[in-house]
Amino acid sequence: MNKLYEGKAKILYTTDDPQIFLAHFKDDATAFNAQKRGQIQGKGEINCTISSALFRWLESKGILTHYIDQSTSNEMRVKSVKILPLEVVVRNIAAGSLCRQTGLPEGKKLPFPLVEFYLKNDELQDPLLTRDRILILEIVTPDQLEELKNLALKVNELLQEFFAGCDITLVDFKLEFGLDSYNRILLADEISPDTCRLWDNRENDPQAKVMDKDRFRRDLGQIEEAYQKVQQRVLSQIQDLQF
């Protein structure tokens, strides 16, 4: 295997098959465009396991993903795709940057799911893009942009339903997509407490509710325990669904 790419949370390796890559999930944690760095013990295994379970479940609901299988506790085999330089964010409840940029109070339920697109560019600090800026940059075609929005909304609908069964509220989350050799759009990257804002419906205290990377961002402590709790509930829900 040869290292193809190393990001903040994963390392991507080539394999003997040019159509298959190996994604290694790291314990490294970053926030605020990597200005804050640290480690979350066992994060790689937890995020790989959660992502694998959710990719399999989404595939069963008709969502095309890059997932093939989980080869080890912290590695998954994925299809070779050309990652689109867009982060697609779906928001159901006001939190994080949406509150800072608009003045909306944290926890306010939005009247409809908000889909946002950000340019994947650390040097530019991942700026929020308008539809016309995306088209001017020629990142995707108008039809592909519409497909990305519709896919994001469908994934949101499915994940809200899934996490509700785990007594977890899906506040918001980030998705990445890629194009395969047939130019089809596939859901890629990961779905985990690193990329989702998740609130525990069994807790009333605002800080105790947090089950995601905000515990690292905001120095709330008990990060590993929160990630482990998400994993336990996701796997239990998968088992209950007999999937």
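Every read-out reported here was derived from the displayed coordinates using simple, explicitly stated rules and does not represent laboratory data. As the structure is a computational prediction, the values presented were derived from the model and not from experiment. Backbone-built Cβ (ideal geometry, glycine too); neighbour counts: all protein chains shown.
A few notes on this one:
- Restricting the GluC sites (Glu not before Pro) of the stretch 113-151 to loop positions (DSSP other than H, G, I, E, B) with no more than 10 neighbouring Cβ atoms within 10 Å leaves Glu123, Glu138.
- Listed residue pairs exceeding 26 Å between alpha carbons, taken from Lys108/Lys209; Lys61/Lys174; Lys82/Lys109; Lys26/Lys174: Lys82/Lys109
- Residue separation of Ser181 and Arg133 scaled by 0.36 nm, minus their Cα-Cα distance, works out to 14.7 nm of gained length.
- Percentage relative contact order, the stretch 3-79, counting C-alpha pairs under 8 Å, at least six apart: 27 percent
- Each of the peptides 16-25, 209-218, 71-80 was scored by the mean count of other Cβ atoms within 10 Å over its residues; in descending order, highest first, they stand as 209-218, 71-80, 16-25.
- The label point for Thr14 and the one for Glu147, both projected 7 Å from the Cα toward the Cβ, are 2.7 nm apart.
- The listed peptides 89-96, 182-189, ordered by packing as a protection proxy, come out as 89-96, 182-189 (highest mean of other Cβ atoms within 10 Å first).
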